[in-house]
Amino acid sequence: QYISAKDELTGLYNLHTFLSMTEQQIRTAHREKKDILIIYAGQQNIKKIIEEHGEEAGDRVIIDAANILRKTFREADVLARTGGSEFVISTLVLSKDGEKLIFSRLHKNIDEYNKDKNGSLKLLMSFGTSFYDPEKPVSINDLLSTADDEMYKNKYS
């Protein structure tokens, strides 16, 4: 049975493809002694958007969030929609301040998007991260679990 590599709504990879591509990225990171940053991103206000503006507006905001992620990350990074209004990203960290630079760019792009939005249509996101360190390898499932747990803590704090 054929399984699509892409999420139908956003055009980002699905979780199955993300896992496969991130495994390859981990092998490269291990060989080249580079860290990988895993980021879980979740929209905090999607339920409110759907309740107030309808399903179509909810889909539009999910698509817009995907486009912001595309704008923020490099083509070599792996971006996926895991379902609903949640996303996961895997990126090789190229410098010591790589995480800081990524989040600076990400927040700038979200702020830019929100400038001409009002009220509940603003994009509110929470993030969680984990690192793959080639000196202390862990499984991709552990990395995802750590980032997901942190995102939920940030979402409800």
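Structure notes:
- Residue match in region 49-59 (condition: closer than 22 Å to residue 122 by Cα and buried (at least 22 other Cβ atoms within 10 Å of the Cβ)): yes
- Every residue from region 93-112 that is touching a helix residue (DSSP H, G or I) at 6+ places or on another chain (Cβ under 6 Å) and over 19 Å from residue 155 (Cα atoms): 105, 109
- Evaluating residue 40 against the criteria (1) hydroxyl-bearing (Ser, Thr, Tyr); (2) out of contact with any strand residue (DSSP E or B) (no Cβ under 9 Å at 6 or more places or on another chain); (3) not in a loop (DSSP other than H, G, I, E, B) leaves one unmet condition, (2).
- Filtered by the rule that a residue be more than 14 Å from residue 123 (Cβ to Cβ) and either surrounded by 17 or more Cβ atoms within 10 Å (Cβ to Cβ) or among the polar types (S, T, N, Q) (or both), region 63-76 gives a lone residue, 73.
- Matching option when the condition is within 18 Å of residue 47 (Cα to Cα) and surrounded by 15 or more Cβ atoms within 10 Å (Cβ to Cβ), among 106, 92, 124, 79: 124
- Residue identified as under 13 Å from the mean Cα position of the chain (by Cα) and small (Gly, Ala, Ser) among 54, 83, 11: 83
- Some residue of region 63-80 being at pLDDT below 95, among the β-branched types (Val, Ile, Thr) and out of contact with any helix residue (DSSP H, G or I) (no Cβ under 6 Å at 6 or more places or on another chain): no
Yes/no per residue for (1) surrounded by 14 or more Cβ atoms within 10 Å (Cβ to Cβ); (2) in contact (Cβ under 8 Å) with a residue 12 or more places away in the chain; (3) over 20 Å from residue 106 (Cβ atoms):
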site	(1), (2), (3)
8	no, no, yes
16	no, yes, yes
22	yes, yes, no
47	no, no, yes
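- Test: residue in region 88-98 that is of a type in the set (Val, Ile, Thr), part of a helix (DSSP H, G or I) and touching a residue at least 24 places away in the same chain (Cβ under 8 Å): no
- Tally of residues being touching a Ser or Thr at 6+ places or on another chain (Cβ under 7 Å) and either without any contact (Cβ under 8 Å) to a residue 24 or more places away in the chain or of a type in the set (D, E, K, R) (or both) across region 100-132: 1
- Screening residue 113 against (1) in a helix (DSSP H, G or I); (2) hydroxyl-bearing (Ser, Thr, Tyr); (3) buried (at least 17 other Cβ atoms within 10 Å of the Cβ); (4) in contact with a Gly (Cβ under 8 Å, 6 or more places away or on another chain) leaves a single unmet condition, (4).
- Output for region 118-157, where each listed residue is among the charged types (D, E, K, R) and not in a helix (DSSP H, G or I): 122, 133, 135, 136
The values are calculated or read from the model by the stated rules, or taken from the named source; none is laboratory data. Because the structure is a prediction, the values reported are computed rather than measured. As a convention, Cβ positions derive from the backbone with ideal geometry for all residues, glycine included, and neighbour counts pool all protein chains shown.
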